[in-house]
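So the structure is just underneath, and the comments pick up after that.
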Amino acid sequence: MSIIDAVRTAFAALAANRMRSALTMLGIIIGVSAVITLMAVGQGAQKGVTERIRGLGSNLLFIRPGQVETSDAARAVAQGQALTLVDADAYAINDPERFPYVEGVAPQVTFDAQLIAGAQNTRTTITGTTTDYQYVRDFYATQGQFITDDDVTRKALVAVLGSRLAQTLFGDANPIGKTVRLAVGPGGFISFTFRVVGVMEPKGATATGDEDDLMFIPLPTMQARIPFLRHPQGLSNVMQISVKIKDKGQFDRAQEEIAALLRERHQVAKDDFVIRTQDDLITTASDVSRTLTILLASIASISLVVGGIGIMNIMLVSVTERTREIGIRKAVGAKRRDILTQFLVEALTVTMAGGGIGVLVGVSLAKLASGQTIADEDIQTVISPLAVILAFGVSAAIGIFFGIYPAFRAARLNPIEALRHE
């Protein structure tokens, strides 16, 4: 029997029991579509995280305290976690003679507070920083201006709003020149009024949060006005120092030399700070996302195994039902390999048909999921041709694997006993 004849026989057998064939393929369809959809979601998440990290700017080093990993300075102090970086560290790094490859340095402190503007109020994150922030982070004001050197020197009560925050507080009105009141602590026991001098360009979410929902004020203003941000020795704490490097090729040198400077300044044998590059963050995030994607695909592939078991079960039933037919074929000259090929092709036909339908369903579901919002997060999917080929190939392999036993059982039937079968 040729392969073409075996395929025709397989389709005839499938057509003779349409409902049973459809139910047999269902497990493969679900498994293939689940694998493709979940891998598309996982790869989309990986792409989204990478884009967010790249959205922080370009050629950046991030220096953070080694003993605290929190975005809220008040909480850090309340928990007894010391902030080991101070603004003087940032000024020391911003030395063109010692570090000629440094283009800009932006220290920052962030904390949560309530903002009130007229009848509107919202809770958001306040970022205290310096003039270089917009250049270092490639994030500029489109209305008014960003914090100036004069604002930093005078510790001025001025604020720059993220685009969404400005819309929340002032609607379509021009916020430049208007005031917002900042309330910190239980009951807003610390309260200051800031004059809005600028609105930032829309940027969206990055690895550090939603940049469009931030308010920026001069770092010295924050340090002077908010007591819990002051260092016990009279210095000014910062929670992160962003350093823009001229060339990525200087990253290793920059990390070594800046680390040496901070050890010298802090007089410590063991680093009390952590220096990371954007590439480090991307690599870590990609590894986590890749592991999650593999885990999701592995869970989804369980249904492929279940579908394979269903195929073996149905093929065994088919062998039992067609025992007399097998006996007749052998009696007229069919060889063992012909019977083996026939039943293997039938099993493979079922799984490949199910795999093809599963591919169409999986790709459709992945496209439908893209752009949907779950828990305030937009789902992004990336359909990889490799994932499609892999899922389809695995479905075919499952058809062969789970079809071998029924095929061998059919091929080993004694023709005389098979002919006697009723």
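Please treat every number below as a calculation from the coordinates, not as lab data. Given the structure is predicted, the values throughout are model-derived calculations rather than measurements. Every residue, glycine among them, receives a Cβ derived from its backbone with ideal geometry; neighbour counts consider all protein chains shown.
Past the 21 angstrom mark, what percentage of all C-alpha to C-alpha distances in region 283-416 do you count? Walk me through the numbers before you get to the answer.
Values: 4836 of 8911 pairs.
Distances greater than 21 Å cover 54 percent of the Cα pairs.
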(message) Between residue 259 and residue 305, what is the label-point separation in nm under the 7 Å Cα-to-beta-carbon projection?
(response) 4.3
(message) Counting each pair of different Cα atoms once, what's the Kirkwood radius of region 273-332 in Å, rounded to one decimal?
(response) 16.1
(request) Please give every one of the lysines within straight-line cross-link reach of residue 244, meaning a C-alpha to C-alpha distance under 27 Å, and leave out same-chain neighbours fewer than 8 residues apart. (result) 47, 155, 203, 270
(request) At a Cα cut-off below 16 Å, give the lysines reachable from residue 330, other chains included and same-chain residues fewer than 8 away excluded. (result) none
(request) Scan region 269-377 for trypsin sites (Lys or Arg not before Pro) in coil per DSSP, keeping those whose Cβ has at most 10 other Cβ atoms within 10 Å, and list them by number. (result) 270
(request) Give me 102, 152, 32 ranked fewest to most by other Cβ atoms within 10 Å of their Cβ, as a rough exposure proxy. (result) 152, 102, 32
